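Scroll down for the structure; my scribbles are underneath it.
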């Protein structure tokens, strides 16, 4: 499989930085700033201090510098957001290139031959279009007539064309993909501007980005802290007056801005956009930021057995001859019956027989393919026949067996089933020879991944149509926590509801139309891009590569997003301690010289102390942009371990780092004679 | 600092720890309605009030009942104070209390603050003491405990619409806990030397031949609830430093145990009701860390010599004849260690009774009671108020740091979302609004009430507004609080500090109750271990520190550094 993912943009692409810098200035528009209350407050204060600096006075030079750095603080916050948006846009652009502004051939009815040519953008939901070989499909929709191979590489990066046909689970087509052969009629399912690509582009560009629930909660906390500091700073002159200390307004403004959580306030939206971005990089489209956040909270993962836990196809593992039959004879019969069978199972039987007995090809065989009626396949040769198939199908063909033979066959079949395999009975000339053990092969490394998930507190549940016996055996081998055997769409939905009733958040992936209710019910429903339109509408994420194991990565991306937010919030708040020690002694030094004892950093002068704190406050935003974009490193581990490590790094680190940072800046400020 | 002092503190801590599960278990039984032995009194009360105990209330109805009950209490108390001259049992003939002071006092006792801008023995007759002050001592304590019960239910329940019934909670707490314990406690106090009579003051002649008026009255009946309910309003102006309120070391210990008993017990009741006792111990652990650190800091600062005296050749070293250190403003019977312990207990628990004058503490020693109050009265805290205040901080701590485990934050299986954060922020905001906002107004327009110049004067005003907003009620002294301006501003501060917390906390209880309880997994932020205790302490300190560091720097810290540099004001 050759999959190309959207080109990874270098963290700081030169062209991107230029655009972002221009955007940062454009974002000074108060109507846009007000969306971010912390930055809005900073801009207001910056305006006040600018006015103060313009009036001149004793500390005019320092005041002007403070004003400049306050504006820089706002710009840096805007810049962080602009960079994140720019990276999103770059990825969206590579997707958008596949968007054709080509025309569409609209027809009145599926059978109609005559079509009118209209612009693709004019198509509405319900319109019928016809697409022949070479045409680009003008919009998302369902095939209502015909069958065709479609090149979806523009969306998925998968170079091999896929089959799309009316009815069934492979009827959905995506706008921007190209028909390679044949002719189909497609019913357009979305109105202009609402297609998958449109939504995705809007989300990564940030244009339609709405605050997620957790972002809203965090913003409320940040607003609350801003209010607290507003009260602190606004009442300070009244208290200072008792001690006869006059406090310069510019210094008070500086204190206010350094105290309010500008770091997290400036980086909050960048973190959110970067989270969406990381998903897109994995070729997963989330329909909302809310879904990404929910992914971090998932407690239960429902995983389909086939293709996710086991390799798609079963593999022949051993030949079990009945007594009186040589294993070689059984193997040869199975080999001959499978030579022309190009299913993966058939090929694996041929391979196993070759490997064990070195059997050679033979000509002149008449292959009898598998049909739903006979439920077996085989060959006719030299006037005889070989058949392989399910036990009951073969028994129906060979008729009654002598009891000892029937019992032995039964034992073999049960043994295979119990071990999680599929038994295939082989009969030659209506005489059963034995059983082929087809084994479900658990994907390598999947057991370890489930163990990791368990450590993270996530329960894995395997969904399979197999009988409970087989399911239990595979579940044990793969190391999942639970399984649902003989699964039907109804039972799947019921299972999700049960877990949710218990307060758990459930993620699942699915592709068929009958998965749609479960996808809609699940907290995170990842629809496969190859699935039906119904499934894609029901889920809140779409995996363009249709790789169900990706659920695990999606959960991790969700967790990383939340962790980045928490880490930067903690860091931002912890920073305030050092800022107090820089500014408070500076603020009251005139009225209360004894408070110099609080100047633990030994900053050069009150002016340089205040300026250094403001400069640090601005620079720390820029310094943390890479962290906000890349996200905090996430290593799957129990919550207690994660918390301990992150508290140490971002809590204690946030407490200590600014002491060193402010001191260094103060030394530079003093050396340059800036204050 | 000496071995006897350390032993006193350790014995006290051990007794509190031993009492905690006993009180907690009993409280949980009361909250769950499993305590029934006074059902024969309880049921007629409900009939009389027209309350059906089975029908629980939505949080908003709960809050409305509570506010109505407290408003009625405040009006009643205001009326009693204004009408005092016509009321019986007033052998000293006390006059009516002036309107601003009556407003201030009514708010003060209804909000469990018990800030007293009057002297008990010189302003109030026995009838008002008993039917006004003592009744509100019970009612305000029951109110606080009821709010805690509602919040605990919020966390303990899943997908529920109601949080309990206010009248039922208040009646049960009073009937099963406060009244029986106080009846027994008051009798024990009488036995140990606390007066309980209706006699007028005794006129006595001292050994020097001076005339002395010895006030007395129904002291014991008011004394036990004053500490058990963390009210702290003294019968006498000298409060617990008065020998009739606090006759011996044993009574002193009983008082201190009574102050912490319910606050500590509530953490345990909380743990039991949410189904994990460790959760309660974690909360108490965080409180204990803050308390022990504060107590030793206070004691150490006061046991050290005063540098300003050193130059005068004063011997401040401890020896068999004197305890050394700073004895100014202390009751000699209790000494430095016990006074420090009491000062820490009374401010940590939002009680406000005092055995030593906090105004006379060394600057850093005086900083500790102030910090205890400014942290939001969550170090054990007032009855009920301490637990619900600390749970608000727990919600914030979980929200800030909980994200770092990669899940949207949850506490006890309840997701912490925008609504919870909004309510927690409103509750936290009450403190800066009351202390800094109203305090700045008091400073700007009423600085004349301040007795001392320099940073100490600032501390005096700051302490008054902190004490009022924190519903503590202890006074730093050195502040002439009974002016119309301060009476009204402090009255407002008490109201803000009480109801701007209670209403959001009840809303929080309602929204927590409505959420399903998410079962814990390995991915859940654990809130019962040492890590959470440390985090909670850090969040309490950081929020309090960030809010009040500037004024504390201008007050106690500036005074301390000035004293060290031999600068006096």
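The values are calculated or read from the model by the stated rules, or taken from the named source; none is laboratory data. No experiment lies behind these values; they were computed from the predicted model shown. Methodologically, a virtual Cβ is constructed for each residue, glycine included, from the backbone with ideal geometry; neighbour enumeration extends over all protein chains shown.
Among the residues of segment B:396-412, write down those that are more than 7 Å from chain A (Cβ to nearest Cβ) and part of a loop (DSSP other than H, G, I, E, B).
B:409, B:412
Are there any pairs with C-beta distances below 6 angstrom linking a residue in segment B:438-458 that is within 8 Å of another protein chain (Cβ to nearest Cβ) and at pLDDT 90 or above to a residue that is loosely packed, with under 15 Cβ neighbours inside 10 Å and assigned to a helix (DSSP H, G or I), with the two at least 6 apart or on different chains, and if so which?
none
Just wondering, is there one or more residues in segment B:334-341 that are assigned to a loop (DSSP other than H, G, I, E, B), touching a residue at least 24 places away in the same chain (Cβ under 8 Å), in contact with a strand residue (DSSP E or B) (Cβ under 8 Å, 6 or more places away or on another chain) and closer than 21 Å to residue B:473 by Cβ?
Scanning segment B:334-341, I find at least one residue that is assigned to a loop (DSSP other than H, G, I, E, B), touching a residue at least 24 places away in the same chain (Cβ under 8 Å), in contact with a strand residue (DSSP E or B) (Cβ under 8 Å, 6 or more places away or on another chain) and closer than 21 Å to residue B:473 by Cβ, so the answer is yes.
Suppose we filter A:500, A:560 for residues that are free of Cβ contacts under 8 Å to residues at least 40 places away in the same chain and either within 14 Å of another protein chain (Cβ to nearest Cβ) or in a strand (DSSP E or B) (or both); which single one remains?
A:500
Which of (1) more than 20 Å from residue B:510 (Cα to Cα); (2) in contact with a strand residue (DSSP E or B) (Cβ under 8 Å, 6 or more places away or on another chain); (3) buried (at least 23 other Cβ atoms within 10 Å of the Cβ) does residue B:150 not meet, given it meets every other one?
For residue B:150, the failing item is (1).
Restricting to segment A:173-194, name every residue that is surrounded by fewer than 19 Cβ atoms within 10 Å (Cβ to Cβ) and part of a loop (DSSP other than H, G, I, E, B).
A:191, A:192, A:193, A:194 - these are the residues of segment A:173-194 that are surrounded by fewer than 19 Cβ atoms within 10 Å (Cβ to Cβ) and part of a loop (DSSP other than H, G, I, E, B).
Would you be able to say whether some residue in segment A:296-315 is within 14 Å of another protein chain (Cβ to nearest Cβ), part of a helix (DSSP H, G or I), touching a residue at least 12 places away in the same chain (Cβ under 8 Å) and crowded, with 24+ Cβ neighbours inside 10 Å?
Checking segment A:296-315: at least one residue is within 14 Å of another protein chain (Cβ to nearest Cβ), part of a helix (DSSP H, G or I), touching a residue at least 12 places away in the same chain (Cβ under 8 Å) and crowded, with 24+ Cβ neighbours inside 10 Å.
Can residue B:495 be described as assigned to a helix (DSSP H, G or I) and over 25 Å from the mean Cα position of the chain (by Cα)? Give the steps one after another, and end with the answer.
On the way: assigned to a helix (DSSP H, G or I): yes; over 25 Å from the mean Cα position of the chain (by Cα): no.
No: the conditions fail for residue B:495.
Kindly indicate which of A:236, A:267, A:222, A:252 is part of a helix (DSSP H, G or I), at pLDDT 90 or above, within 8 Å of another protein chain (Cβ to nearest Cβ) and surrounded by 19 or more Cβ atoms within 10 Å (Cβ to Cβ).
A:236
Among (1) touching a helix residue (DSSP H, G or I) at 6+ places or on another chain (Cβ under 9 Å); (2) under 17 Å from residue B:16 (Cβ atoms), there is one condition residue B:275 misses while meeting the rest; what is its number?
Single failed check for residue B:275: (2).
Quick one: count up the residues across segment B:522-569 that are in contact with a helix residue (DSSP H, G or I) (Cβ under 7 Å, 6 or more places away or on another chain), more than 8 Å from chain A (Cβ to nearest Cβ) and surrounded by fewer than 17 Cβ atoms within 10 Å (Cβ to Cβ).
Count: 3.
In this structure, is residue B:376 within 14 Å of another protein chain (Cβ to nearest Cβ) and either part of a loop (DSSP other than H, G, I, E, B) or out of contact with any helix residue (DSSP H, G or I) (no Cβ under 8 Å at 6 or more places or on another chain) (or both)?
On the way: within 14 Å of another protein chain (Cβ to nearest Cβ): yes; either part of a loop (DSSP other than H, G, I, E, B) or out of contact with any helix residue (DSSP H, G or I) (no Cβ under 8 Å at 6 or more places or on another chain) (or both): yes.
When the stated conditions are applied, residue B:376 passes them.
Identify the residue in segment A:92-115 that is assigned to a strand (DSSP E or B) and at pLDDT 80 or above and, among all such residues, is farthest from residue A:186 (Cα to Cα).
Only one residue tops the list, namely A:115.
Which one is surrounded by the fewest Cβ atoms within 10 Å (Cβ to Cβ), of the residues in segment B:470-491 that are touching a residue at least 60 places away in the same chain (Cβ under 8 Å) and assigned to a helix (DSSP H, G or I)?
Going through the qualifying residues, I end up with B:484.
Just name the residue that is farthest from the other protein chains (Cβ to nearest Cβ) out of those in segment A:596-612 that are surrounded by fewer than 23 Cβ atoms within 10 Å (Cβ to Cβ) and assigned to a loop (DSSP other than H, G, I, E, B).
Step by step, filter segment A:596-612, then rank; the result is A:604.
Here's a check for you: in segment B:297-322, which residue that is out of contact with any strand residue (DSSP E or B) (no Cβ under 9 Å at 6 or more places or on another chain) and crowded, with 18+ Cβ neighbours inside 10 Å is nearest to residue B:384 (Cα to Cα)?
B:298
I want to confirm something. Restricting to segment A:575-585 and keeping residues that are surrounded by fewer than 23 Cβ atoms within 10 Å (Cβ to Cβ) and farther than 14 Å from residue A:233 by Cβ, which single residue is nearest to the other protein chains (Cβ to nearest Cβ)?
Result: A:577.
Please find, within segment A:586-595, the residue that is surrounded by the fewest Cβ atoms within 10 Å (Cβ to Cβ) out of those that are more than 8 Å from chain B (Cβ to nearest Cβ) and free of Cβ contacts under 8 Å to residues at least 60 places away in the same chain.
That would be A:593.
Matching residues to (1) in a loop (DSSP other than H, G, I, E, B); (2) modelled with pLDDT of 90 or more; (3) buried (at least 19 other Cβ atoms within 10 Å of the Cβ); (4) in contact with a helix residue (DSSP H, G or I) (Cβ under 6 Å, 6 or more places away or on another chain):
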{"position": "A:1", "(1), (2), (3), (4)": "yes, no, no, no"}
{"position": "A:4", "(1), (2), (3), (4)": "yes, no, no, no"}
{"position": "A:19", "(1), (2), (3), (4)": "no, no, no, yes"}
{"position": "A:39", "(1), (2), (3), (4)": "no, yes, yes, yes"}
{"position": "A:42", "(1), (2), (3), (4)": "no, yes, yes, yes"}
{"position": "A:67", "(1), (2), (3), (4)": "no, yes, yes, yes"}
{"position": "A:70", "(1), (2), (3), (4)": "no, yes, yes, yes"}
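With the requirement that a residue be more than 11 Å from chain B (Cβ to nearest Cβ), surrounded by fewer than 15 Cβ atoms within 10 Å (Cβ to Cβ) and more than 29 Å from the chain's Cα centre (by Cα), what does segment A:633-666 give you?
A:656, A:660, A:664
What single numbered condition from (1) touching a strand residue (DSSP E or B) at 6+ places or on another chain (Cβ under 6 Å); (2) in contact (Cβ under 8 Å) with a residue 40 or more places away in the chain fails to hold for residue B:431?
(1)
Having 2 or more residues that are buried (at least 20 other Cβ atoms within 10 Å of the Cβ) and within 22 Å of the chain's Cα centre (by Cα) is the bar; report the strands (runs of 3 or more DSSP E) wholly within segment A:399-465 that clear it.
Correct list: A:459-463.
Which of (1) closer than 15 Å to residue A:87 by Cα; (2) out of contact with any strand residue (DSSP E or B) (no Cβ under 8 Å at 6 or more places or on another chain); (3) more than 14 Å from every other protein chain (Cβ to nearest Cβ) does residue A:288 not meet, given it meets every other one?
Against the list (1) closer than 15 Å to residue A:87 by Cα; (2) out of contact with any strand residue (DSSP E or B) (no Cβ under 8 Å at 6 or more places or on another chain); (3) more than 14 Å from every other protein chain (Cβ to nearest Cβ), residue A:288 comes up short only on (1).
With (1) surrounded by fewer than 19 Cβ atoms within 10 Å (Cβ to Cβ); (2) not in a loop (DSSP other than H, G, I, E, B) as the list, and residue B:208 as the residue in question, which single condition is left unmet?
Just one mismatch for residue B:208, condition (2).
Take the residues in segment A:520-553 that are part of a helix (DSSP H, G or I) and under 22 Å from residue B:518 (Cβ atoms); name whichever of them is farthest from the other protein chains (Cβ to nearest Cβ).
Filtering first and then ranking leaves A:520.
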